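All of the numbers you see were taken from the coordinates with simple rules; none came from a lab. For clarity, every value in this text was computed on a predicted model and none was experimentally measured. Glycine gets a Cβ as well: all are built from the backbone with ideal geometry, and neighbour counts include every protein chain shown.
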Amino acid sequence: MKKENFFKKNWLVMLTGLLIGAAAVVLTAFGNPKNMGFCIACFLRDIAGALKLHGAAPVQYFRPEIVGIVAGACIMALIGKEFKPKAGSSPFIRFALGAAVMIGALVFLGCPLRMVIRIGGGDLNAIVGLVGFVLGILIGVFFLKHNFSLGRAYKQGPVEGLLFPILLIGGFVLTLIAGSLFAFSEEGPGSMHAPILLALGIGLVVGALAQKSRLCMVGGVRDAVMFKEFGLLAAFGCIIVAVLVGNAIRGTLNWGFEGQPIAHTEWLWNLLGMTVVGWGCALLGGCPLRQLVLAGEGNADSAITVLGMIAGAAAAHTLKTASSADGTGANGPIATIVCLLFILVISVTHLKKEQ
Amino acid sequence: MVDARGLSCPLPVIKTQNEIKKNNPDTLEVLVDNTTAVGNVTRFANNNGYDVAVKELEDDEYSLVLTKR
């Protein structure tokens, strides 16, 4: 009876998880980089590159998946009357946290979504990342339980909520009609991509489903620990299962630490990089995917967070903190520690006293 | 009363959880301003022995009245 209830309550989010996992496998089969079918951090980093915000030639491409996710979430929110423009909850702190999360993600080489996709491809370094990710969320939960808050948001007019989706779509259209304005990788991960319409279409579906189901990679662990609710965590598992099955079918399942696609084996920094991501996202109230979806729902604080992530990606490549398959960047370790200290400061300075 | 207007998930649930832990009230009114929070607080309350009556106020705000079963 209880089991039946669990599926009844959580079927949509679990189905979304399965579809995202399948989408990652399909996108990889059609050209996206290996174990990177769907990575919000990597794709925002590529967009930062396409906008010439950093000069890392291998990672420049205006990823249609991102445009699709935001547009899909926006359309679904409009249909479901859940499009509610709001803003004003510590915007600049959110920007900076977004940047820190991105710097941490690029030390590990992936957002939480790519982390589970890497696990589904057999990359054991991602299990190390998962340990760090859970650790980061647990630290974040500790502060949340002690009344951490970035303050309340306020209702805004429709333009405030629509501007980010419109700008993103506008930028994407510009890449199609005036591509020379942008930078596009000729080799490396940025040059590997699925056909534009397929990527955009899958992004739209994923964005719409993620909006409806409120899927969030950070929420899974958080809700399980804080409220003993396991729906989001089940979705997390569904993504791994779908990717595992997909890789097994395609014969691309390869267990091990060494020689994994776009990954390195420095376990301490894989772990701490994802600690930054888990902790930062717990404070932000959602993983990078969830931030994109909320931005599509008209949440301008989340739009600012996404811009922070893009700025963080630009900084990571300019300041050589981003990792590569060869290992951490020259300044990756120090940047990771700085990010952890920064998030600690934000955590302790935002504990509200109980009235 | 818990005023969680303007707060996004998971804060409305945490505030509700803290209030229930602290005072163990027979009834509790929670104010929120988004449907995600309505869903999350309702689910949390139902799992913790409360029935929930949702009333939509003006301007996208909701009042949730939690009553102990």
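Of the candidates A:Ile66, A:Ile75, the single residue that is farther than 23 Å from A:Phe236 by Cα and not in a loop (DSSP other than H, G, I, E, B) is A:Ile75. Looking across segment A:147-187, the residues that are more than 14 Å from chain B (Cβ to nearest Cβ) and either small (Gly, Ala, Ser) or in a strand (DSSP E or B) (or both) come down to A:Gly170, A:Gly171, A:Ala178, A:Gly179, A:Ser180, A:Ala183, A:Ser185.
Each residue in segment A:1-39 was checked for being assigned to a helix (DSSP H, G or I) and either more than 14 Å from chain B (Cβ to nearest Cβ) or under 19 Å from A:Val206 (Cβ atoms) (or both), and 23 of them qualify. Every condition in (1) more than 14 Å from every other protein chain (Cβ to nearest Cβ); (2) touching a strand residue (DSSP E or B) at 6+ places or on another chain (Cβ under 8 Å); (3) surrounded by fewer than 24 Cβ atoms within 10 Å (Cβ to Cβ) holds for A:Pro85 except the one numbered (1). In this entry, A:Arg118 is excluded by the filter for residues that are under 19 Å from A:Val293 (Cα atoms) and surrounded by 24 or more Cβ atoms within 10 Å (Cβ to Cβ).
Listed here are the residues, each with its yes/no results for (1) surrounded by fewer than 17 Cβ atoms within 10 Å (Cβ to Cβ); (2) closer than 22 Å to A:Lys145 by Cα; (3) of a type in the set (A, V, I, L, M, F, W, C); (4) free of Cβ contacts under 8 Å to residues at least 24 places away in the same chain.
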residue	(1), (2), (3), (4)
B:Val13	no, yes, yes, no
B:Asp33	no, yes, no, no
B:Asn40	no, yes, no, no
B:Asn47	yes, yes, no, yes
B:Glu58	yes, no, no, yes
B:Ser63	yes, no, no, no
B:Thr67	yes, no, no, no
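Looking across segment A:312-341, the residues that are surrounded by fewer than 18 Cβ atoms within 10 Å (Cβ to Cβ) and assigned to a helix (DSSP H, G or I) come down to A:Thr318, A:Pro333, A:Ile334, A:Ile337, A:Val338, A:Leu341. Going through segment A:113-126 one residue at a time, which ones are in contact with a helix residue (DSSP H, G or I) (Cβ under 6 Å, 6 or more places away or on another chain) and either among the hydrophobic types (A, V, I, L, M, F, W, C) or part of a helix (DSSP H, G or I) (or both)? Those that are in contact with a helix residue (DSSP H, G or I) (Cβ under 6 Å, 6 or more places away or on another chain) and either among the hydrophobic types (A, V, I, L, M, F, W, C) or part of a helix (DSSP H, G or I) (or both): A:Leu113, A:Met115, A:Val116, A:Ile117, A:Arg118, A:Ile119, A:Gly120, A:Asn125, A:Ala126.
Working only within segment A:180-194, note down all residues that are in contact with a helix residue (DSSP H, G or I) (Cβ under 6 Å, 6 or more places away or on another chain), more than 14 Å from A:Arg45 (Cβ to Cβ) and among the aliphatic types (A, V, I, L, M). If you could, list the steps in order and put the result at the bottom.
Here is the first cut: in segment A:180-194, the ones in contact with a helix residue (DSSP H, G or I) (Cβ under 6 Å, 6 or more places away or on another chain) are A:182-183, A:185, A:190, A:194.
Okay, now just the ones that are also more than 14 Å from A:Arg45 (Cβ to Cβ), so A:182, A:194.
The one that is in contact with a helix residue (DSSP H, G or I) (Cβ under 6 Å, 6 or more places away or on another chain), more than 14 Å from A:Arg45 (Cβ to Cβ) and among the aliphatic types (A, V, I, L, M): A:Ala194.
Cβ separations smaller than 8 Å between residues 6+ apart or across chains give the following pairs from segment A:50-74 residues that are farther than 11 Å from A:Leu200 by Cα to residues that are among the charged types (D, E, K, R) and assigned to a loop (DSSP other than H, G, I, E, B): A:Ala57/A:Glu186; A:Ala57/A:Glu187; A:Pro58/A:Glu187; A:Gln60/A:Lys52; A:Ala73/A:Glu297; A:Cys74/A:Glu297. Restricting segment A:201-213 to residues that are buried (at least 23 other Cβ atoms within 10 Å of the Cβ) and within 14 Å of chain B (Cβ to nearest Cβ) leaves a set whose member that is farthest from A:Leu294 (Cα to Cα) is A:Ala210. Only residues that are surrounded by 15 or more Cβ atoms within 10 Å (Cβ to Cβ) and closer than 30 Å to A:Met226 by Cα were counted across segment A:152-173, and they come to 3. If you go through segment A:136-146 and keep only what is surrounded by fewer than 17 Cβ atoms within 10 Å (Cβ to Cβ) and part of a helix (DSSP H, G or I), you end up with A:Leu138, A:Phe142, A:Lys145.
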